[in-house]
């Protein structure tokens, strides 16, 4: 599902985040290939609601501070767990790979906090990235925390597309991998969604919120280190949770 008007607002925010300067109606319409009339209507609506303003007369539009205020209020109600960035950074420092905090969002895992590897060849994992629950270690770690009914509802609707040669292609295969991972104590990513990417993930809960912690990188660099990375990840997480 893609609601055009909503998508346009999000595209516009990403445009300003990337360009970081005011832009005229003509600039915006030209950048996106939007009709001037619909661009005018969109900008006019956002300006009338106080979400855009003109820093100087006829100097172009720019997002108003109200966005930051609203996001701050939303984040304050459901904040990223305290000191999580420091935990992720410590994992990156000790493994050299990308570390991610993820939560379930529908049929996907949503990356809500990340620290990327300093290596030039690394797993790119920006905040806001989404990956399917059923074909990733992160996703299966999140699925493992759901009730059988919740998990079944997601897997029944899943599209078992083959992304790589190792993609799991049935609900039964996913359930079996989850059971095996729970018994082992950690979840393994084996290039099922992204070619040549491997990693380890573990699930955890804080109050009523479910999360997964992931460390991942190129298979050639982490393939032989998965068990050691999982041991480190579990130890770091246990220490973190003991302080909560």
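Report, by residue number, each residue of region 12-43 that is touching a residue at least 40 places away in the same chain (Cβ under 8 Å) and crowded, with 16+ Cβ neighbours inside 10 Å. Once the filter is applied, which keeps residues that are touching a residue at least 40 places away in the same chain (Cβ under 8 Å) and crowded, with 16+ Cβ neighbours inside 10 Å, region 12-43 yields 16, 22. The set of residues in region 57-91 that are in contact with a strand residue (DSSP E or B) (Cβ under 7 Å, 6 or more places away or on another chain) and either part of a loop (DSSP other than H, G, I, E, B) or at positive phi (or both) comprises 60, 64, 80, 81. If we keep just the residues of region 110-160 that are part of a helix (DSSP H, G or I) and at pLDDT 95 or above, which is nearest to residue 99 (Cα to Cα)? In this case the residue turns out to be 138.
Taking residue 230 as meeting all but one of (1) touching a residue at least 40 places away in the same chain (Cβ under 8 Å); (2) in contact with a strand residue (DSSP E or B) (Cβ under 9 Å, 6 or more places away or on another chain); (3) under 21 Å from residue 114 (Cβ atoms); (4) surrounded by fewer than 16 Cβ atoms within 10 Å (Cβ to Cβ), write down the number of the exception. Among (1) touching a residue at least 40 places away in the same chain (Cβ under 8 Å); (2) in contact with a strand residue (DSSP E or B) (Cβ under 9 Å, 6 or more places away or on another chain); (3) under 21 Å from residue 114 (Cβ atoms); (4) surrounded by fewer than 16 Cβ atoms within 10 Å (Cβ to Cβ), the lone unmet condition for residue 230 is (4). So residue 46 fits all but one of (1) touching a strand residue (DSSP E or B) at 6+ places or on another chain (Cβ under 7 Å); (2) without any contact (Cβ under 8 Å) to a residue 40 or more places away in the chain; (3) in the same structural domain as residue 187 (by TED's automatic domain parsing); (4) not in a loop (DSSP other than H, G, I, E, B); what number is the exception? Here residue 46 clears every test but (3).
Just to be sure before I move on: is residue 99 assigned by TED's automatic domain parsing to the domain that holds residue 229 and either outside any strand (DSSP E or B) or under 15 Å from residue 216 (Cβ atoms) (or both) in the structure I sent? Considered against the rule, which asks whether it is assigned by TED's automatic domain parsing to the domain that holds residue 229 and either outside any strand (DSSP E or B) or under 15 Å from residue 216 (Cβ atoms) (or both), residue 99 comes out as yes.
All conditions but one from (1) within 16 Å of residue 134 (Cβ to Cβ); (2) surrounded by 14 or more Cβ atoms within 10 Å (Cβ to Cβ) apply to residue 211; the one that does not is (1). Among the numbered conditions (1) crowded, with 17+ Cβ neighbours inside 10 Å; (2) closer than 30 Å to residue 224 by Cβ; (3) out of contact with any helix residue (DSSP H, G or I) (no Cβ under 8 Å at 6 or more places or on another chain), the only one that residue 93 does not meet is (1).
To keep it simple, each residue is scored yes or no on (1) out of contact with any helix residue (DSSP H, G or I) (no Cβ under 7 Å at 6 or more places or on another chain); (2) at pLDDT below 95; (3) under 29 Å from residue 19 (Cα atoms).
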residue: 57; (1), (2), (3): yes, yes, yes
residue: 62; (1), (2), (3): no, yes, yes
residue: 67; (1), (2), (3): yes, yes, yes
residue: 70; (1), (2), (3): yes, yes, yes
residue: 76; (1), (2), (3): yes, yes, yes
residue: 89; (1), (2), (3): yes, no, yes
residue: 104; (1), (2), (3): no, yes, no
residue: 107; (1), (2), (3): no, yes, no
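Within region 184-205, the set of residues being farther than 14 Å from residue 222 by Cβ, within 17 Å of the chain's Cα centre (by Cα) and part of a strand (DSSP E or B) comprises 202, 203, 204.
Selection of region 190-208 for residues being crowded, with 17+ Cβ neighbours inside 10 Å and touching a strand residue (DSSP E or B) at 6+ places or on another chain (Cβ under 7 Å) yields 190, 191, 193, 197, 198, 199, 200, 201, 202, 203, 204.
The values are calculated or read from the model by the stated rules, or taken from the named source; none is laboratory data. Worth saying up front: this structure is predicted, and the values here are computed from it rather than measured. Heads up, the Cβs are rebuilt from the backbone with ideal geometry, glycines too, and the neighbour counts pull from every protein chain shown.
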